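As structure tokens, the structure follows; a few thoughts come after it.
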Amino acid sequence: MMFTLPNLFRLAVLVVLLAFLLQPAWFEAMLTPLVQENAPAIYNQGSLFWLTVLHLRTVFIATFAATVVAVSLAIIVTRKAGAEFLPLSRSLVNIGQTFPPVAVLALAVPIYGFGEKPTLIALFLYGLLPIFENALTGLTTLPPTVVEAARGAGMTGSQRLIRIELPLALPVILTGVRLSVVISLATATIGSTVAAKTLGEVIIAGLQSNNLAFVLQGGLIVAALAVLIHDALQGLERTLAGRVHV
Amino acid sequence: MIQIEEVTKRYGDTTVVNGVTLTVAPHTVTVIVGTSGSGKTTLLRMINRLVEPTAGIVKIDGEDNRSIPGYELRRRIGYAIQGHGLFPHRTVAQNIATVPTLLGWEKDRTEAKVEELLKLFQLDPADFGPRYPHELSGGQQQRVGVARALAAEPNVLLMDEPFGALDPIIRSKAQEDLTAIQKHFGTTIILVTHDMEEAFHLADKIAVMDKGEVVQYATPAEMLVKPATPFVETLVGASERPFRLLGIETVGEAVEPGSAEGRPVPEVLSQRDALSELLWSGRSALPVAAANGEILGRVTLQAIVKRAARPR
Amino acid sequence: MAIGIIQEKERLAFRFDKLGVIISILALYGALLAPFATYRANRIIQGEARGIMEALPPHLGYGLLFLVVAGAAVALLRTPALFRMAMALAALAALAGLIGIAADHLTPPENSYARVSPASGFWVLVFAFSLLLTDALTRLHPGPGLRLLVLAGVLVLAGSMLVAGRWDGLSIMKEYANRADLFWAEAGRHVTLALGSLAAATVVGLPLGILCHRVERLRAGVLNVLNAIQTIPSIALFGILIAPLGWIAANIPGASAVGIRGIGAAPAFVALFLYSLLPVVANTVVGLAGVPRAANDAARGIGMTDRQRLVTIEFPLAFPVILTGIRIVLVQNIGLATIAALIGGGGFGVFVFQGVGQTAMDLVLLGAIPTVVLAFTAAIVLDALIEMTVPNSSQGNAA
């Protein structure tokens, strides 16, 4: 299981990524053909490693907050007291997802100014939607006999939620988190247009100075992060879902 | 004892259960039958307050079932449903331990109970305890479902079509098991089904429901002999009546002095099965033996045919 | 007895609409505490907040306050959904009209430098009544035809306000007036990018999807590659494509003549095309896989050829799912096309990024609002189309 071909490939991607982040000079020769004479082939206006850490930090904070809020909201609207909001919240999620992430980001700037704040807000707002949608799906499509049995066994509402409903909905919720993380990883790069410290800085510097090597390395780092995080979360989902077999 | 008094359930303008009164004697099996939409499941669910009645009272051992919170009530009453409803993310042992855990039993006591129940249902605790529900066959899942319902030693067990998802062979085995376990614990069982055969097989008393009302509440024999309404008559099945009647009584009750050829049949065999044996083997009488092998006499084709006739 | 009392209390509390409580708090906050409009003496200067009564002539100001209170009351009490919808539409229409009047009212005569824009109170009010509208529409559950009709009505109304110059006093419209020609050129580019790449993706993606459905070995590989493309951030993919397209333009005769260049619309178009492939291909595969086996067997049984089966059975049955893929692509592309501006590809992003660069919110809005309207319109139209193409039987199931 551990050493299948895809896993070896992922390991290789991880090793190359780490090597590139820690010792970018090793890769200089590969990137030099992409740049014009005398232009630097490796991003030189900051540490790639630190930009990656900051990029991941932004995505993590936004996703974590989005997960907490989205799952709480989904729990509220699937309880009896909040049931009134369920149809509306579905509509709002559908509407929200038609808003382009760039528009959310651009509209956050006038309110929150430049820097990390508008990016965090935009990522948070945009990240809410897939998590909320999936948490709703997870909590509303539980096998009815199981919920019925939990009630019949004398569990209180909160016992049912914590012992039965959330564990069963967890794989579907995680799918939402995964979608959200992948969208956020890419969208965070746009944050650099409003001066957030992310890997988008590398790409934008490349676009501005016509340096293809910058664009490529910025883009590939984000893509590699996205693929690795996506697959890791998917693996986790499968492990959980395997146990939850209904 | 369970007393259902003038219980009514309405959803908006639709009345699902209409003024039902029913008393269930302790340590008996009562089967509620009816077509789908007759209100039988709703009636059952009002006993453990999964559904709150619009009007009327349900008393368990003389106490109004609203005197304690619903969830506490349900911990005291066993509940088994069609399709078992096992928690897919918990092992068999954890599933069975659900109510004892909720009641805060000590670990040793819970474990001992789980082991006892698994053994009772012919499942090896070491093998089946750690398995997840999806690793069991349909029949095993159903048994675990019933074991879970019985884990906290409830006096009352409610069952909603518990055998509905099983194939015929496993179903009759499960019914035998249930009868044995009912004898073992002396549990008062109320079971809902749409299967008349199952009702006659298991019930001490049958309640027939139609359009939210109980149209007849009687012993199986009474129901065959004196169906209260044409609906009950249809449900019982006119062409099945003599066989159902024979199915209720045992050979022991029809035994007469005399001898007969061939292998004896046990006295606990139903008269219906004896008739079947008589017809199939082409004999006109069978020897009847007690459990210890002693020959008690014989049962004749003529006697059985007479017993199948409508009593006057 | 105790139980009876609890139920009585619950019934009393239930007479208020829970959402209505939120809506009325938002509406009252927006109307009474937050500024309705912002006045700036010129484009760059810090704005000054103006409340409703300052921003509007007295009779209109009181009128709006009355309308807001009435709207809050309608939201708060349990009123029929149709009534709620009418109230929400009336309030939104009034807000739309009044913000234009506020602009004219606040701008001193003959002053072409002063700028008036909607402030937070206005947006909060719009949000509150949009919430009321959405809730009412969700409860009414209108059919696809009616939804399209409502959309058309709103668009026509907004369009006629624009044409009649009702909003000309607003800062955003002044930004527009300064670059009207550019605006329409960029709008054209934006739509061309989004629709053109969608068309190309459909032309390529449909056959590719059918092929993946038929040839199982191909499926995982193709979908994995397309999935991987989706993980590359849009700015990066736009940028990366500059190189190969630049090379093609320089080395392949005739390429530059048809508009292929290293920077500009070409890499944006190709990037959007690549992003669009996954939803189209994946939904085609899912749609075809979802065709009931019995339908396929029956078609084979009566002697249809593979091609006949595809055209008369599989494709019509899979169509709603494929259309869902196209909806995803269209909405996504309308948003992503904004990024094209970063590599000189044009589109509404030009205004967004210019506005961000100049910290001119009105310019940002000039780019963002049309993008959101386009995406929203596309979503509503395609959702309606999808609903119309789904056979009636399964519609009943969904409801």
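The values are calculated or read from the model by the stated rules, or taken from the named source; none is laboratory data. Because the structure is a prediction, the values reported are computed rather than measured. All Cβ positions, even for glycine, are placed from backbone atoms using ideal geometry, and neighbour counts span all protein chains on display. The protein model used for the area step is the full one, side chains on, heavy atoms only, and it has no ligands, DNA or RNA in it. Shrake-Rupley method; radii C 1.70, N 1.55, O 1.52, S 1.80 Å.
Listing for the model above:
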| quantity | calculated |
| --- | --- |
| Total residues in the stretch C:144-172, condition without any contact (Cβ under 8 Å) to a residue 40 or more places away in the chain and of a type outside the set (Val, Ile, Thr) | 9 |
| Leading residue by the ranking (most open to solvent (accessible area, probe 1.4 Å)) among those in the stretch B:58-74 that are touching a residue at least 40 places away in the same chain (Cβ under 8 Å) and within 18 Å of B:Leu191 (Cα to Cα) | B:Lys59 |
| Some residue of the stretch A:94-103 being touching a residue at least 40 places away in the same chain (Cβ under 8 Å) and more than 9 Å from chain C (Cβ to nearest Cβ) | no |
| Qualifying residue in the stretch C:288-299 (condition: away from chain A (no Cβ under 14 Å), in a helix (DSSP H, G or I) and closer than 29 Å to A:Pro130 by Cα) | yes |
| Options C:Leu385, C:Leu365, C:Leu323: the member that is more than 9 Å from chain A (Cβ to nearest Cβ), farther than 23 Å from A:Ile203 by Cα and either open to solvent by less than 30 Å² (accessible area, probe 1.4 Å) or among the β-branched types (Val, Ile, Thr) (or both) | C:Leu323 |
| Condition check for C:Ser112: open to solvent by less than 20 Å² (accessible area, probe 1.4 Å) and either closer than 20 Å to C:Leu363 by Cα or in contact with a helix residue (DSSP H, G or I) (Cβ under 7 Å, 6 or more places away or on another chain) (or both) | no |
| Residue, farthest from the other protein chains (Cβ to nearest Cβ), within the stretch A:62-74, restricted to residues that are touching a helix residue (DSSP H, G or I) at 6+ places or on another chain (Cβ under 7 Å) and among the hydrophobic types (A, V, I, L, M, F, W, C) | A:Ala65 |
| Condition check for C:Leu28: open to solvent by 40 Å² or more (accessible area, probe 1.4 Å) and touching an Asp or Glu at 6+ places or on another chain (Cβ under 8 Å) | no |
| Output for the stretch A:191-222, where each listed residue is within 9 Å of another protein chain (Cβ to nearest Cβ), of a type in the set (A, V, I, L, M) and open to solvent by 10 Å² or more (accessible area, probe 1.4 Å) | A:Ile204, A:Leu207, A:Leu212, A:Leu216, A:Leu220 |
| Lone qualifier among B:His84, B:His89 - being open to solvent by 40 Å² or more (accessible area, probe 1.4 Å) and facing chain A (nearest Cβ under 8 Å) | B:His84 |
| Selected residue (criterion: most open to solvent (accessible area, probe 1.4 Å)) from residues of the stretch A:147-163 that are under 21 Å from B:Leu157 (Cβ atoms) and among the hydrophobic types (A, V, I, L, M, F, W, C) | A:Val147 |
| Test: residue in the stretch C:220-237 that is open to solvent by 10 Å² or more (accessible area, probe 1.4 Å), out of contact with any Ser or Thr (no Cβ under 8 Å at 6 or more places or on another chain) and over 30 Å from A:Leu34 (Cα atoms) | yes |
| Candidate set: the stretch C:77-99, residues that are farther than 30 Å from C:Asp168 by Cβ and open to solvent by less than 50 Å² (accessible area, probe 1.4 Å); chosen: the one farthest from the chain's Cα centre (by Cα) | C:Thr79 |
| Sole exception among (1) in contact (Cβ under 8 Å) with a residue 60 or more places away in the chain; (2) surrounded by fewer than 24 Cβ atoms within 10 Å (Cβ to Cβ); (3) within 13 Å of chain A (Cβ to nearest Cβ) for C:Phe273, by number | (3) |
